[in-house]
1. What percent do you get for the relative contact order of the stretch B:1-116 when only Cα pairs under 8 Å and 6+ apart count?
2. Could you derive backbone 3J(HN,Hα) for the stretch B:262-273 from the dihedral phi with the Karplus parameters 6.51, -1.76 and 1.60 (θ = phi - 60°), listing whole Hz in sequence and x where the residue is Gly or Pro?
3. Using alpha carbon coordinates only, what is the Rg to Rh ratio of the stretch B:111-175, with Rh defined as the Kirkwood radius?
4. Assign one of three labels to the stretch A:110-189, namely rounded, prolate or oblate, based on the Cα gyration tensor with a ≥ b ≥ c the square roots of its eigenvalues; rounded applies when a/c is under 1.5, prolate when it is not and a/b is larger than b/c, and oblate otherwise.
5. Can you give me the pair-distance distribution of the stretch A:112-253, C-alpha pairs, 10 Å bins, whole percents?
6. So if we plug the beta-carbon distance of B:ARG94 and A:GLU2 into 1/(1 + (r/R0)^6) with R0 = 60 Å, what FRET efficiency do we get, rounded to 0.05?
7. Kindly give Rg over Rh for the stretch B:56-116, based on alpha-carbon atoms, with the Kirkwood expression for the hydrodynamic radius.
8. Within 10 Å of each Cβ of A:266-274, how many other protein chain Cβ atoms are there on average?
Amino acid sequence: MEPLLQVEDLTIAFVEDNTQTVVVDKAGFSVKSGEVICIVGESGCGKSVTALSLLGLLSPNARIIDGSIIFEGKDLLKMNEKELDGIRGSEATMVFQDVMNSLNPVLTIGNQLTEIIRIHMGYDRKKANEYAIEMIKKVGLPDAKAVMKKYPHMLSGGMQQRVMIAIALACGPKLIIADEPTTALDVTIQLQIMKLLVELQKEFHMSILLITHDIGLVAELADRVIIMYAGQFMEEAPVNQLFDHPSHPYTRALLESVPCIYDDPDKKLSSIPGTVPDNYQDIEGCRFFGRCSYGIPACKEKQVYSELEEGHFVRCHRAVKEEIPFV
Amino acid sequence: MYNKEDRKPLMVTRGLKKYYPVRGTTIGKNSPVTHAVDGVDFEIYEGETLGIVGESGCGKSTIGRQIVALEKPTSGHVLYQGESISEMSTRQLRKIRTQLQMVFQDSTSSLNPRKQVYDILAAPMLYHGITTGDNLDGEINRLLDLVGLPKSMKHRYPHEFSGGQRQRIGIAKALSVKPRLIVCDEPVSALDVSVQAQILNLLKQLQDEFKLTYVFIAHGLGAVRYVSSRIAIMYLGRIVEIANTQELFDDPVHPYTKALFDASPIPAPKLRGRERIVLKGEIPSSVNPPKGCRFHTRCPYAIPSCEINDPPLIPVKPGSNHMAACPVLLAERER
């Protein structure tokens, strides 16, 4: 079956005073229908930029310099703004981390929700209103009619995020791109929102591309996982495979540095020494080399990205040769 | 791990309350107030790490600020070595401020952007007479070394550092005056996981080296469990459960504690289908906290009496220092 979204060789750079800084380097992945894919990485690794680029939402100083984004057989990069508008908000939508700034503070929830329904689905005011109330009920907000008349600041963070989800789901999208949708929320609210997303995803048979830094969330939600570091995909694997047999040294270090409430209490938390290198776009070899405990001279020369097993890709010389012992 | 009777507490709070007037209302007798901290009693023992966990607005940071005398309680006391710091004069406070230090969550806004690291670290030491001009250089080198920063960086400004490095400077600043107790208010929440681990390990190592006492405030259980010997769980201005870390994780009593455990994502995809409590509804406002048990609006175990009676924090077993404020589940356990 054709994947819903097929991204190839996506390269994005920030341009400033005639200098280009490549922040996403030849990213390639696909999202199948009904699948949950997570892109995981630490701040500044390029995961959010990747997500924003898919729907043409990059800031003006960012450029896509190479690659293709094929959504349902059409290349989004070759579309003009008007054609894109037909897809954004209806076929593919986005849920942002910062709900406070994503909702319009001077319009009521009802206004913002019916606007998108009327534009994309062509409903008249009355029908759109009824449908909007349905959607608000669907995302589990009590007293839907009252919520329609409220302004964003009158709702709590969790309720605002539910409204965002209602807006994203209103036109029955095939793909939802969620950029850290629960990072700003408390843990008990986070669980409510994640459960809601998963239930709705099953009900509407959507695909979700989830951007997150939280390994725990990945384990709870993902079908497939992509680990990103310094603008590159380091490893991609089905979720069970990734947690059972993490192959890239960075993936392993990341998994081991997460304190888990069910760990052995005396376990020492392992940390990754050092920091992400500056100007990593100029590094020829592996970008994790300086912090990796398995590095060999070959790592400094060039990179490899190959498939270990079906669907399990890794960017590491030694993992490819199975030279890294499992711990 | 520790017995209550063995050790004397370094710090005790009794009936600690802090109310803030609600912004935008006139101040008067009956004007609305936020009940940030609403009657909290606990002890902090020398050399331990007390973790305080709760969701936003539960009052955990307010408690932290009261412990180090950055805020005066509305009523109640904070007793440091038996003396009430809430009643001390500024002069008296100045003397003990060196012993009570704080590490803040936001390292960007807690370090002066116009000063070099050297000056940031020098100022408190000179002010409190910890060191004199001759030894200053050596002392600053020693501090940077302790927190794992190269000495060559001392003439840089805060913005030239990464988030993790800035947090190290914050820790060095707290250490510079040789404190006994450090309140760490979400010190790793703003950092990436790999860097979080570095900072948590550093805090642990410094505690061993200088026999420090920590109060570790956080909203995530993972990090708190890793550093704390005892944990207090807070909800809407109250402690709902407090116990030794191991006991709390092995045998949580309060429904909120259980829900909090269940809500923490576990990095193991195979445990995905596990049974867990999913709380309904939102966190109520602390301006008008619910009557009776504050958790009853979201509690899956609530019975009618929960809406009326305010549950006290009582030992789970007689004499135990594991305490919980849920008569419903405590009665069920005895059966």
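Read-outs: derived from the displayed coordinates by stated rules, not from any lab. For clarity, every value in this text was computed on a predicted model and none was experimentally measured. Here Cβ is always computed from backbone atoms with ideal geometry, including for glycine, and neighbour counts include all displayed protein chains.
1. Computed over the stretch B:1-116, the figure is 27 percent.
2. Per residue, the Karplus-derived 3J(HN,Hα) values read 5, 7, 6, x, 9, x, 8, x, 6, 8, 4, x Hz.
3. In the stretch B:111-175, Rg relative to Rh is 0.93.
4. oblate
5. Calculated P(r), rounded to whole percents: 10, 36, 30, 16, 7, 1.
6. Given R0 = 60 Å and the Cβ-Cβ separation, E is 0.25.
7. Checking Rg against Rh, the ratio lands at 1.02.
8. Per residue, the number of nearby Cβ atoms from other chains is 5 on average.
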